[in-house]
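The values are calculated or read from the model by the stated rules, or taken from the named source; none is laboratory data. Source: prediction; values computed, not measured. Cβ atoms come from the backbone with ideal geometry, glycine included; neighbour counts cover every protein chain shown. Ligands, DNA and RNA are excluded from the accessible area calculation, which covers all protein heavy atoms including side chains. Shrake-Rupley method; radii C 1.70, N 1.55, O 1.52, S 1.80 Å.
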Amino acid sequence: MDDEVLRSKIIELLKASGSPSTERDLNNAVMNMLKILPPPIIRAKSQGTVLNPTLQINDVPFPPPKIFHFTFIDLFAGIGGFRIAFQKAGGKSVFSSEWDEAAQKTYEANYGEIPAGDIRAVDKDAIPEHDVLCVGFSC
């Protein structure tokens, strides 16, 4: 169900229950509530980090290493600052997530991979085994 349909149904229920609030106040309250709700969990196997088939390893400035000593995942990845540091330290990223579309595009341009979107919508069982967990700081 999309947010618009859900918003309408919640407002109808609030009105039917006798809410004295105005239509505008109800709409604002429901819109704010919908902003904080997490997206539904994806129960299917996550696509995870998607390799861009049009980019070749040599086309990106920071390709994944051919030889690595440990694996890591890159959550709240931004444009990949942690990834570049951990790759230089001998690691290989096996999964990344970033919800911001502009940051995803930059990450793809830097590494040839498109991070999974909002981590709250990824089933934890879909995240590959890894040695190190990297988590970016929120801006």
Determine, yes or no, whether residue 84 is aliphatic (A, V, I, L, M) and either in contact with a Ser or Thr (Cβ under 7 Å, 6 or more places away or on another chain) or in a strand (DSSP E or B) (or both). no
Looking across the stretch 46-81 at residues that are among the polar types (S, T, N, Q) and in a loop (DSSP other than H, G, I, E, B), the single one that is modelled with the lowest pLDDT is 46
Over the stretch 119-139, the set of residues closer than 23 Å to residue 84 by Cβ, in a loop (DSSP other than H, G, I, E, B) and open to solvent by less than 100 Å² (accessible area, probe 1.4 Å) is 127, 128, 130, 136
Counting only residues in the stretch 1-16 that are open to solvent by 70 Å² or more (accessible area, probe 1.4 Å) and out of contact with any helix residue (DSSP H, G or I) (no Cβ under 9 Å at 6 or more places or on another chain), the one modelled with the lowest pLDDT is identified as 2
Selection from the stretch 97-139 of residues within 11 Å of the chain's Cα centre (by Cα) and aliphatic (A, V, I, L, M) yields 103, 114, 116, 119, 121, 122
Of the candidates 19, 93, the one satisfying the condition of being at pLDDT 85 or above and either of a type in the set (S, T, N, Q) or under 16 Å from the mean Cα position of the chain (by Cα) (or both) is 93
By residue number, the members of the stretch 61-100 that are within 17 Å of residue 117 (Cα to Cα) and among the β-branched types (Val, Ile, Thr) are 73, 79, 94
Being at pLDDT below 55 and either over 23 Å from residue 135 (Cβ atoms) or open to solvent by less than 80 Å² (accessible area, probe 1.4 Å) (or both) is the requirement here; does residue 43 meet it?
yes
Taking the stretch 79-98 and keeping residues touching a helix residue (DSSP H, G or I) at 6+ places or on another chain (Cβ under 8 Å), crowded, with 18+ Cβ neighbours inside 10 Å and either charged (D, E, K, R) or under 16 Å from residue 137 (Cα atoms) (or both) leaves 79, 80, 83, 96, 97, 98
Contact list, first residue from the stretch 118-139 and over 18 Å from residue 72 (Cβ atoms) and of a type in the set (Asp, Glu), second anywhere and modelled with pLDDT of 85 or more and open to solvent by 70 Å² or more (accessible area, probe 1.4 Å), beta-carbon distance below 9 Å, six or more apart or interchain, is 118/99
